[in-house]
1. If I go through the stretch 100-123 residue by residue, how many of them are over 21 Å from L186 (Cβ atoms) and of a type in the set (A, V, I, L, M, F, W, C)?
2. Can you report the number of residues in the stretch 48-63 which are farther than 16 Å from L6 by Cα and crowded, with 21+ Cβ neighbours inside 10 Å?
3. Restricting to the stretch 259-280, what's the tally of residues that are in contact with a Ser or Thr (Cβ under 9 Å, 6 or more places away or on another chain) and either of a type in the set (A, V, I, L, M, F, W, C) or farther than 13 Å from D298 by Cα (or both)?
4. Do you know which of the residues in the stretch 340-360 that are of a type in the set (V, I, T) and touching a helix residue (DSSP H, G or I) at 6+ places or on another chain (Cβ under 7 Å) is surrounded by the most Cβ atoms within 10 Å (Cβ to Cβ)?
5. Out of all the residues in the stretch 288-310, is one or more free of Cβ contacts under 8 Å to residues at least 24 places away in the same chain and assigned to a loop (DSSP other than H, G, I, E, B)?
6. Would you confirm, using the coordinates I've provided, whether D514 is buried (at least 23 other Cβ atoms within 10 Å of the Cβ), closer than 26 Å to I9 by Cβ and touching a Gly at 6+ places or on another chain (Cβ under 7 Å)?
7. From the list G188, G216, G226, G236, which one is touching a Ser or Thr at 6+ places or on another chain (Cβ under 7 Å) and under 30 Å from P544 (Cβ atoms)?
8. Quick one: in the stretch 130-159, of everything that is hydrophobic (A, V, I, L, M, F, W, C) and either at pLDDT below 95 or not in a helix (DSSP H, G or I) (or both), which residue is surrounded by the most Cβ atoms within 10 Å (Cβ to Cβ)?
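The values are calculated or read from the model by the stated rules, or taken from the named source; none is laboratory data. Here the structure is a predicted model, which is why all the values come from computation and not from measurement. Heads up, the Cβs are rebuilt from the backbone with ideal geometry, glycines too, and the neighbour counts pull from every protein chain shown.
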Amino acid sequence: MNTVELIIINANILTLDKQNKRARSLAVKDGRISGIWPENRPPTSEVNVTSSTEVIDLAGATLLPGFIDTHNHILSYGLMKDKVNCSTPPNRAIADIVELIDCYVKKASKGAWIEGYGYDDTLLEDHRHPTRDDLDKVSPNHPVFIRHISGHLGVANSQALQLANLTDDSSDPKGGHLGRDSNGRLNGVLYEPNAMKLVRKHIPEPTKEQMVSALGSASKDYLAQGITTNSDANAGANFGLKEIEAHIEAAVQGVNPMHTRLMVSYDNLKEGQLFGGYSAERLNQELEERSKGRVKLDSAKFFQDGSIQGMTGALRKPYNNEPSITGNLIHDQGTFQEDILALHKRGFRITTHGNGDRAIGSILDAYEYALTKHPTVDHRHRIEHLQTATTEDLDRMKNLQVAGSFFINHVYYWGDRHERLYLGPDRARRISPLKDAIDRDLLFTLHSDCPVTPISPLFSVWVAVNRITREGRVLGPEQRCDVITALKSMTIYGAILNFDEQNSGSIEVGKRADFTVLEEDPTNIDPKDIKDIKVLSTFIDGLPVYGQQKIATT
């Protein structure tokens, strides 16, 4: 007879295992699932309930494996929470953003930086980017930098440009460019990280303690959405080793109880840099040892293009609204392939950002090059976002056994504008082509890319199943996904992508007791209501980390 620490009874359990079995009760011992039963309570002959055993009655609520978000930027999100919210809504025009910045300027100490986030030029009434001149009106003496919602653009005022030594004669950085007006004068708009960092490197860095605090604050929001395993998608890109240290410290202190995975920025893995001499095995071992197993290496992270809505995503055919623009590849193909081959040989799984179909083709060329030069079984290299992947691209992914993670929320947040502006009707209806991926039996996940869109696995599932846009239309109904597959893409498929399917992703004996408890069953309601289901509780390793007061203990 098994002595257990936790028993969950009267539950509607969706195991999301290979057979999609359902159950009604389960038991947990030492942080792992020790038994699952179809009855409302475990048979008394199979479990030993002691005075220290906690019994939770879910009264019919639905229990799923904990959600796995395989691509977001939790540290950036946490650090952003106290900065100027330039989003639309609530801001309708550039004047609203400028007014907000003015409020921050009036409270700021002399010369302090003012930072903002989330503006979207296509939703503003002005239908343009803010410029240095707009920001200078209220902040002639404070440097200002605000980020575009895509994360691939930003705007600096004159004071910030001056601190960065950027003038009208400055050249464009490789992999990005400086915005200019019709007279060739810098207008303050900075395209892609290589341009933004020219200004951002002059912004005072947060301390490691501030980063740990930010991770703690952000993790509370993630736990409230049922997330139990989370991947930071570009660790070390902004603040180097200090970011990695902050993740480890947040895990050790318990302020971030989620299982954490890090996509380490490629810049930190180059020869002569932080982890230049490391194999993937050595880096992962250090992360695990220092975090007591809470932080693991996910991959080496590359970018090969930018954002469709920023018109920096690399397309094979021109943008619908700008026939002279096809976007840009960040890396020269020859150098890109050699860099990927080198990391592939060092044992790193490779993750590469690709929105435009030309970038996706470039990434696949590089992966094929590496795999031809150094064949490897079960590499699980990844492409992130895959917004405009063609059927030919997906066929190549299948042949090369390359996995994908779809930024499905694009359909809701930008689908209407992709159709009208950037891609036109035919290409827009195929963004995030889940059904084509399913038909090819590709391994894929969904992700939020938070803070680009709000963190919410159920919202991503809702978008995948319905493909409803912000304006209430269905975009590309033939690419919709069934509910069970969408749920698996946020659970067991994520575990497989993480090389962790033996420990997480489904409700099975021996796996970690990582659960989310939902008020309703997403497979048994109108699919249009999935995004509104309430998360009642979240468990990690059998311990409640969110919402314990919302469920009944006996």
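1. The total comes to 6.
2. Number satisfying all stated conditions: 2.
3. Number satisfying all stated conditions: 4.
4. Selected residue: I360.
5. Here is the first cut: in the stretch 288-310, the residues free of Cβ contacts under 8 Å to residues at least 24 places away in the same chain are 288-289, 293.
When the remaining residues are screened for being assigned to a loop (DSSP other than H, G, I, E, B), the result is 293.
Yes, there is a match, as at least one residue in the stretch 288-310 is free of Cβ contacts under 8 Å to residues at least 24 places away in the same chain and assigned to a loop (DSSP other than H, G, I, E, B).
6. Numbers: buried (at least 23 other Cβ atoms within 10 Å of the Cβ): yes; closer than 26 Å to I9 by Cβ: yes; touching a Gly at 6+ places or on another chain (Cβ under 7 Å): yes.
The answer is yes for D514.
7. The unique qualifying residue is G226.
8. A156
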